[in-house]
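One structure below.
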Amino acid sequence: RPDPETPLEETMAALDHIVRQGKALYVGISNYNAEQTKQAVEILEQQKTPFIIHQAAYSMLDRSIESGLTDVLEEHGVGCIAYVPLAQGLLTNKYLNGIPKDSRAAKEYIPFLNSKAISSDVLQKIKRLNDLALSRGQSLAQMALAWVLQEKTVVSALIGASRVSQIEENVKALQNLTFTEEELKVIDDVLI
């Protein structure tokens, strides 16, 4: 992760050192913006250190990597591992009918997702996306994962699961990874 107190050159030198010592085969970074990533790539290329992966938050509800980062990754052949592709559970059927009492969002002490983040506008978007998912023969979670995986720089998506059934459901996203232009337009119209 970026450390504003440490020069980027120093961080990349440390990663290079780990590879040269044989403790790692390649390096990866997480949560760097497009400019920082471009600088990191340049430093690591000069050191001839294999840099193959960038871990970034990416979901239908968080498309910030599309503002330059995916271009840098594609240009330099670096893959993206998307984390929180289900937006902390928002892109599942869990919140379609409001906030369940036992959910993460019901716990105000959890900073990543709380009831304030789930506005009526967000719920309306999720319901519209769910309608599209159902028309595709998928659950909302399956469609959300398929959508993340259709980004050409995304090589994997990290899912969090508290039950085996969630993993089994999410893996079924692989049964329908393609989107029509019309479906992508509907998604953009709902979200943008």
Fill in: For the chain, calculated [θ]222 nm from helices alone, where every DSSP H run of n ≥ 4 adds -39500 (n - 2.57)
-13000 deg cm²/dmol
Item to complete: Eight or more residues apart or on different chains, and alpha-carbon atoms under 23 Å: count the Lys pairs in segment 1-135 matching that.
Response: 14
Item to complete: Please report, to two decimal places, log10 I(q)/I(0) for segment 145-192 at q = 0.21, 0.27, 0.30, 0.33 Å⁻¹ as given by the Debye formula with identical point scatterers on the Cα atoms and no solvent.
Response: -0.84, -1.05, -1.11, -1.18
Item to complete: Return the long-range amide H neighbours of Gln55 (sequence gap of 5 or more, or a different chain), with a cut-off of under 5 Å between placed amide H atoms.
Response: Ile29, Ser30, Asn31, Ile81
Fill in: Convex hull projection area averaged over all views, segment 1-61, Cα basis, nm²
4.5
Discussion item. Using only alpha-carbon positions, what ratio does the radius of gyration of the chain give when scaled by 2.2 N^0.38 Å?
Written reply: 1.14
Worksheet item: So what's the gap between the Cα centers of segment 42-84 and segment 118-192, to the nearest angstrom?
Response: 21
Response to the item:
Most packed first (mean Cβ within 10 Å per residue), the peptides 10-16, 142-148, 83-89 order as 142-148, 83-89, 10-16
Discussion item. How large are Rg and Dmax for segment 1-103 when calculated on the C-alpha trace, in angstrom?
Written reply: 16.8, 53
Worksheet item: Which of the aspartates and glutamates could a cross-linker span from Lys152 if the Cα-Cα distance has to be under 12 Å and same-chain partners fewer than 8 positions apart are dropped?
Response: Glu66, Asp71, Glu74, Glu75
Worksheet item: P(r) for segment 111-174: what percent of alpha-carbon pairs falls in each 5 Å bin, starting at zero?
Response: 3, 16, 20, 20, 25, 14, 2
Discussion item. Ignoring ligands, DNA and RNA, please state the percent of accessible area on the chain from carbon and sulfur, probe 1.4 Å.
Written reply: 51
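The values are calculated or read from the model by the stated rules, or taken from the named source; none is laboratory data. Note that this is a predicted model, so its numbers are computed, not measured. Glycine gets a Cβ as well: all are built from the backbone with ideal geometry, and neighbour counts include every protein chain shown. Side chains included, ligands, DNA and RNA excluded: accessible areas come from the protein's heavy atoms. Shrake-Rupley method; radii C 1.70, N 1.55, O 1.52, S 1.80 Å.
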